[in-house]
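So the structure is just underneath, and the comments pick up after that.
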2 protein chains.
Amino acid sequence: MPIATAELHCFLSDLLGNGGVIDAPSEFPRYTNDWAGDKRGDPWMVARPSTTEQVAEIVTFCHRHQIPMVAQGGHSGLVGGAQPDPEHRELLISLERLNKIRAIDPINFSMSVDSGCILQNVKDAAEETDCYFPLALGAQGSCQIGGNVSTNAGGLNVLRYGMMRQLVLGLEVVLPDGRIWNGMQALHKDNRGYDLKQLFIGAEGTLGIVTGAMLKLVPRPQTSRTALIAVPDIGSVLALYAQARRSCCDLLSAFELIPRVCMELAFEAAPDLPDPLGDAHPIYVLLEVSASGPVDIDAMIEHLFETGAEKGHVLDGVLASSETQAAQLWQIRESMLEGQQMRGEHLRTDISLPISALTAFCEAAHQAMLQRSPETQVLMYGHIGDGNLHFNLLPPATLGLEAKKALLHELEEVLFELVDTHHGSISAEHGIGRVKQAPYLAGLSLVEHELLEGIKRLIDPGEIMNAGRILPRHA
Amino acid sequence: MPIATAELHCFLSDLLGNGGVIDAPSEFPRYTNDWAGDKRGDPWMVARPSTTEQVAEIVTFCHRHQIPMVAQGGHSGLVGGAQPDPEHRELLISLERLNKIRAIDPINFSMSVDSGCILQNVKDAAEETDCYFPLALGAQGSCQIGGNVSTNAGGLNVLRYGMMRQLVLGLEVVLPDGRIWNGMQALHKDNRGYDLKQLFIGAEGTLGIVTGAMLKLVPRPQTSRTALIAVPDIGSVLALYAQARRSCCDLLSAFELIPRVCMELAFEAAPDLPDPLGDAHPIYVLLEVSASGPVDIDAMIEHLFETGAEKGHVLDGVLASSETQAAQLWQIRESMLEGQQMRGEHLRTDISLPISALTAFCEAAHQAMLQRSPETQVLMYGHIGDGNLHFNLLPPATLGLEAKKALLHELEEVLFELVDTHHGSISAEHGIGRVKQAPYLAGLSLVEHELLEGIKRLIDPGEIMNAGRILPRHA
């Protein structure tokens, strides 16, 4: 039965007290505007629970009154999944006050946290016990664990430690009917029945609100070395990757592709950054090897340089000799994103391919872009060790905004078709949300679509939980 | 609509040809009898498809006629999940002829296989490309990939490489209505929508028949060293474990607990095996470190010995100096299982606990067993680096068979209660099947039970696929 705004406000104020509910539109922007300042819609109200039980009471209330909800963590997603719906009056449930580290168990290499904990705080707390929580993202100073779980976050260390899915031992979830599912096991092995937590990981909040997570820790790396290597072409990048995993004893924690054009964007954004190898080269690989025990990483990387050079895969390279130099190398990776942003309207993608298909795909994609728009600039970088590319496009600066948008939309369609032809994914780590929904649904088989709809219907038959994300809303 | 035996036989013979269908009861034992020779029931018939399409046609036929099915791989499970139901006439679908390695892609570190491939064959094929498929089980010479997927198999290398779930990039599944779900991606990162393959991994065939898998490979280890270390008590085992993960750069591929009593069982079964440390010690740890690059493993293990000895966690130890000696150390691990088997009726369990709870749990469990049956012998060994114990019990030899069974049943209940108190799992790697169903259901929360039933009902509403395993049959 529908209720009035006053009634909802009254319920939330009673439950959450002062500061627990926000209904002044002037305070909405921090919940509605994304990193670029764009918004979709305003929420009905913002609820800020600080315990799992409060989340459960809010959801129970919403379930009873069929109030649509959107759960929000650090609000750093890139597919519009956590932004309120402009067409349905959603209650925004922010997890920002549900932010306690519950317990750290360094003997079990596990840690239980509230879902509103900021990733950086979790990483810091783990390190205090000589452990390490390996998830590493650009947004780690603001993104929250619940969001990391709900989007199955990736980032820089996937190669070594896996996506968020591999780092979760247990979950606590408030279901769309308000009941709490307690799956907070701290077990490294548990084969009892269907593994329910897998349903909620990566479900973008459409099946329930994650309120707690039992995270898997690893020993804290004691040494870490960063190198930048210049290579002639994509084929050499792949050969170097296969060699690096072996030469570096599978201790590679990052293997990033940075073409020269992206490095130059970094210099535009940060003019003081030194060009690390002096001469310009077509492609660079930024790699990191880290170890928690007595291993001679320098010798490993030097061996990789040498064998790579012998085979013609390495043109030049530098092994950072200090933390400052390593930070400068990583600064290139960050600044090139700023440089890209400074150029205005552009297309960002987040695709993945089988690593063995990358050479053919890159060639085909460059060709296709060149053919359709010779002046569009391709910026192709990413976590190439995972087969994950950000194949981004800068349209010709001479075009007007609307013409740029139209061109980018057209090029995106061409690109996604090529991704499909090469058996890739149009969303390697960012998820679907709303931004990727149309091409996602277009590529879905009937049987898969039915299974997905069935799961959503089973768990959230009233479509009140992040409805319209991943799958379209029916009502 | 029910059909006659002749009609089913006719359909299967037409589809599968000679050798594709077995209906002579004299040929049933290889499909019905478990490793100990025990059986539950006979199948209606055995179908032996050799392509995914044949599996789909069989399942479509069964779906139309509501014929219950049981899928069977290498038949080495330990919870009775793949044995035909004695009370319902099930069509047994053996995947043994669906056994082609489809493709190996060493650049992408992936491999696609039919589900009937034997694990050892998959491992061998991977090694031919200088890659490695890390799943390692006692049964690897007979178990099949489809069974490994459906039971989320664990084994010896979980510590380093994870359970089967972590080793699967994609799946192909025939659903209970006969449709094929093709999820054979070879992507290391893919965040498109709900991750459906997670539903089928560990579902014990109750949601569909796995017909193909895209497996994740890693670089082949070039060096591997095995050591046996004597320690005074469980507390020291855990301290040594925390130290070993750090000293050995997280390259530990096995960390097994073997108490003296189990080592003596190994000597009973294999009297020629040398006692590796000369003197007897209360507890041993068998560990393996393996590396695919230039790492001085010996130095790592020696450093671990030294620091462990200084802190009083290590009493003695031996680092295998040859492959023969390493094989002898692993022989202890195998022979102790035979020795246990030779003692006749006993209770085998497969529990897991948070590693930090192991000391308290072991003390409580030993006490509880001693109190109820002072002459029952506890055999507690296992993959302690994963918190996974096989806490097994040998009843007093003087008891008759029925008295032994009754005692073991009573002790199991006590043990499982303690597992629960210590937040553990009654099935770390073996699954639920039928053998663990009663205690599993007893420990399930209402909300979890409803979610599980909902998923089963969604995907197999007619309860024709491995019905009665994990969840009870309704009809």
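Before moving on, here are some points about what is shown:
- Pick from the stretch B:341-379, criterion among the polar types (S, T, N, Q) and within 16 Å of B:His390 (Cα to Cα), ranking: surrounded by the fewest Cβ atoms within 10 Å (Cβ to Cβ): B:Gln341
- Once the stretch A:60-74 is narrowed to residues that are under 16 Å from A:Gly431 (Cα atoms) and touching a helix residue (DSSP H, G or I) at 6+ places or on another chain (Cβ under 7 Å), the residue that is surrounded by the fewest Cβ atoms within 10 Å (Cβ to Cβ) is A:Gly74.
- Sole residue being farther than 28 Å from B:Tyr241 by Cα and not assigned by TED's automatic domain parsing to the domain that holds B:Cys262, chosen from B:Glu417, B:Glu413: B:Glu413
- Looking only at the stretch B:75-87, residues that are of a type in the set (A, V, I, L, M, F, W, C) and buried (at least 22 other Cβ atoms within 10 Å of the Cβ) come to 2 in all.
- With respect to the conditions (1) in contact (Cβ under 8 Å) with a residue 40 or more places away in the chain; (2) within 26 Å of A:Asp386 (Cβ to Cβ), B:Ala136 lacks only one, and its number is (1).
- The set of residues in the stretch B:256-289 that are in contact with a Phe, Trp or Tyr (Cβ under 6 Å, 6 or more places away or on another chain) and farther than 18 Å from B:Leu379 by Cβ contains only B:Leu287.
Yes/no matrix, rows are residues, columns are (1) over 27 Å from A:Leu353 (Cα atoms); (2) within 14 Å of chain B (Cβ to nearest Cβ):
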| residue | (1), (2) |
| --- | --- |
| A:Asn388 | no, yes |
| A:Lys405 | no, no |
| A:His422 | no, yes |
| A:Ile426 | no, yes |
| A:Pro439 | no, yes |
| A:Leu446 | no, yes |
| A:Ile464 | yes, no |
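- All of (1) assigned to a strand (DSSP E or B); (2) within 14 Å of chain A (Cβ to nearest Cβ); (3) modelled with pLDDT of 95 or more hold for B:Ile258 with one exception: (2).
- Residue count for the stretch A:176-191 satisfying the condition of being touching a helix residue (DSSP H, G or I) at 6+ places or on another chain (Cβ under 9 Å), in contact (Cβ under 8 Å) with a residue 40 or more places away in the chain and more than 7 Å from chain B (Cβ to nearest Cβ): 4.
- Some residue of the stretch B:324-340 being buried (at least 22 other Cβ atoms within 10 Å of the Cβ), outside any helix (DSSP H, G or I) and on the phi < 0 side of the Ramachandran plot: no
- With respect to (1) in contact (Cβ under 8 Å) with a residue 40 or more places away in the chain; (2) away from chain B (no Cβ under 14 Å); (3) assigned to a helix (DSSP H, G or I), the lone exception for A:Thr359 is condition (2).
- Residue check for B:Met163: at the interface with chain A (Cβ under 10 Å from one of its Cβ atoms) and farther than 21 Å from A:Asn191 by Cβ: no
- Some residue of the stretch A:90-107 being within 27 Å of A:Met164 (Cβ to Cβ) and free of Cβ contacts under 8 Å to residues at least 12 places away in the same chain: yes
- Put simply, of B:Ile432, B:Ile455 the only residue that is facing chain A (nearest Cβ under 7 Å), of a type in the set (Val, Ile, Thr) and assigned to a loop (DSSP other than H, G, I, E, B) is B:Ile432.
- Selection status of B:Leu286, under 24 Å from the mean Cα position of the chain (by Cα), closer than 30 Å to A:Asp296 by Cβ and either in a strand (DSSP E or B) or more than 14 Å from every other protein chain (Cβ to nearest Cβ) (or both): yes
- For first residues located in the stretch A:254-280 and assigned by TED's automatic domain parsing to the domain that holds A:Glu334 and among the small types (Gly, Ala, Ser), partners that are in a loop (DSSP other than H, G, I, E, B) and surrounded by 14 or more Cβ atoms within 10 Å (Cβ to Cβ) and lie 6+ apart or on another chain with Cβ distances below 9 Å form the pairs A:Ala254/A:Leu156; A:Ala254/A:Asn157; A:Ala254/A:His383; A:Ala266/A:Leu273.
The values are calculated or read from the model by the stated rules, or taken from the named source; none is laboratory data. In this text, all values refer to a predicted model and were calculated from it rather than measured experimentally. Note: ideal-geometry Cβ built from the backbone for every residue, glycine included; neighbour counts use all protein chains shown.
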